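J.: Sending over a structure as structure tokens; questions will come in a sec.
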Amino acid sequence: MVYEHADKELRDPVLIAAFRGWNDAGEGATFAAMHLARVWAGERVASLDPEEFYDFQVTRPQVELVDGLTRKVTWPANEFWAARIEGAERDALVLVGTEPNLRWRTFARTIVEIAMEHNVQMVVTLGALLADVPHSRPVHITGTAGSETLMEQLGLERSRYEGPTGIVGVLHDALAHSGIPSASLWAAVPHYLAITPNPKVALALVRQTTELIGFPVETEPLEAAAASYDQRVTEMVNDDDDVRAYVQLLEERSDERSREELIDPNELPSGDSLAAELEHFLRERGDAS
């Protein structure tokens, strides 16, 4: 079921979508999408009923206190925010959601139907995955597109990945079958910072997204948050000799890579393999000392 909250007329909008869960390391993707919805003064126009798509024993609702007294239950959300973009030829529809546990094909079809109702001309999804990259280097962004024409127009490449996928991959397949052009942007997130919201990654995705679609956006507050975050992480890393040595190793690897080298986000190492590598590195340092 789709809940309609408002009726807002948009000019051939671009839909920007991000989902919490597997596709959202460091909350970089949803952080970026929420920033865009906020700075563009988006108005909530629709949301999906979570009852159809979630196993609430897996993706549990959250309870919070309002004014310290009243308990409020917050359910997994998928909300569409519509924004008129001043200085652009078209407008934006931003979807901030949560990867579902159930009925992925129905979920993807529902999003496609909403996109078609709003005459969406292109969809850009945002993702963030763990990688063996240091926080002290620029965030690596990889872009892919579903058609040869769009790849040429946007300067992106086609993914060569085969294997398990997330809701982003399923959505792009549904969009391809519906004839709606789509592209995907992925940010590489330092795996040792997996559980903290990462404004530096969000900023990189915001910049790449708005450059891709040609929309203006205010980034100063996000830039300040990213700089502060970077400084705090550097201080914490420098306080631990083992972690500092490991980050230096990642820096050396990063610097050795060609600037033109493109990394398929789906071919990045798994979280388990990255954790194992870190444990192996620390164990070897312990044996050597």
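J.: Is the range 70-78 home to any residue that is aromatic (Phe, Trp, Tyr), free of Cβ contacts under 8 Å to residues at least 40 places away in the same chain and out of contact with any strand residue (DSSP E or B) (no Cβ under 8 Å at 6 or more places or on another chain)?
T.: Checked the range 70-78: at least one residue is aromatic (Phe, Trp, Tyr), free of Cβ contacts under 8 Å to residues at least 40 places away in the same chain and out of contact with any strand residue (DSSP E or B) (no Cβ under 8 Å at 6 or more places or on another chain).
J.: Just one of Arg90, Arg103, Arg160 is in contact with an Asp or Glu (Cβ under 7 Å, 6 or more places away or on another chain) and under 20 Å from Ala188 (Cα atoms); which is it?
T.: Exactly one of Arg90, Arg103, Arg160 is in contact with an Asp or Glu (Cβ under 7 Å, 6 or more places away or on another chain) and under 20 Å from Ala188 (Cα atoms), namely Arg160.
Quick grid of which residues meet (1) surrounded by fewer than 20 Cβ atoms within 10 Å (Cβ to Cβ); (2) over 21 Å from Leu95 (Cα atoms); (3) not hydroxyl-bearing (Ser, Thr, Tyr):
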residue	(1), (2), (3)
Glu148	yes, yes, yes
Glu152	yes, yes, yes
Ala183	no, no, yes
Pro190	no, yes, yes
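J.: Within the range 23-52, which residues are over 29 Å from Val233 (Cβ atoms) and either open to solvent by 30 Å² or more (accessible area, probe 1.4 Å) or not in a helix (DSSP H, G or I) (or both)?
T.: Matches in the range 23-52: Ala41, Gly42, Glu43, Arg44, Val45, Ala46, Ser47, Leu48, Asp49, Glu51, Glu52.
J.: If you don't mind, there's one more thing I want to ask. Yes or no: the range 98-107 includes at least one residue that is open to solvent by 10 Å² or more (accessible area, probe 1.4 Å) and either under 18 Å from Leu36 (Cβ atoms) or at pLDDT below 95 (or both).
T.: Within the range 98-107, one or more residues are open to solvent by 10 Å² or more (accessible area, probe 1.4 Å) and either under 18 Å from Leu36 (Cβ atoms) or at pLDDT below 95 (or both).
J.: Name every residue in the range 125-178 that is more than 12 Å from Asn23 (Cβ to Cβ) and among the polar types (S, T, N, Q), in order of residue number.
T.: Ser136, Thr142, Thr144, Ser147, Thr149, Gln153, Ser159, Ser178
J.: Is it true that some residue in the range 70-83 is more than 27 Å from Val201 (Cβ to Cβ) and at pLDDT 95 or above?
T.: no
J.: Quick test of your reading of the structure: Gly169 fulfils all but one of (1) modelled with pLDDT of 85 or more; (2) part of a loop (DSSP other than H, G, I, E, B). Name the failing condition by number.
T.: That leaves (2) as the condition not met.
J.: When you look at Val58, is it of a type outside the set (Ser, Thr, Tyr), loosely packed, with under 12 Cβ neighbours inside 10 Å, touching a residue at least 24 places away in the same chain (Cβ under 8 Å) and over 19 Å from Gln208 (Cα atoms), yes or no?
T.: Taking the combined requirement at face value, the residue satisfies it.
J.: Assess whether Val139 counts as being among the hydrophobic types (A, V, I, L, M, F, W, C), without any contact (Cβ under 8 Å) to a residue 24 or more places away in the chain, open to solvent by 20 Å² or more (accessible area, probe 1.4 Å) and at negative phi.
T.: No, not satisfied.
The values are calculated or read from the model by the stated rules, or taken from the named source; none is laboratory data. All values reported here derive from a predicted model rather than from experimental measurement. In this analysis, Cβ positions are derived from the backbone assuming ideal geometry, glycine residues included, and neighbour counts consider all displayed protein chains. Note: accessible area is taken over every heavy atom of the protein model, side chains too, but ligands, DNA and RNA are not part of it. Shrake-Rupley method; radii C 1.70, N 1.55, O 1.52, S 1.80 Å.
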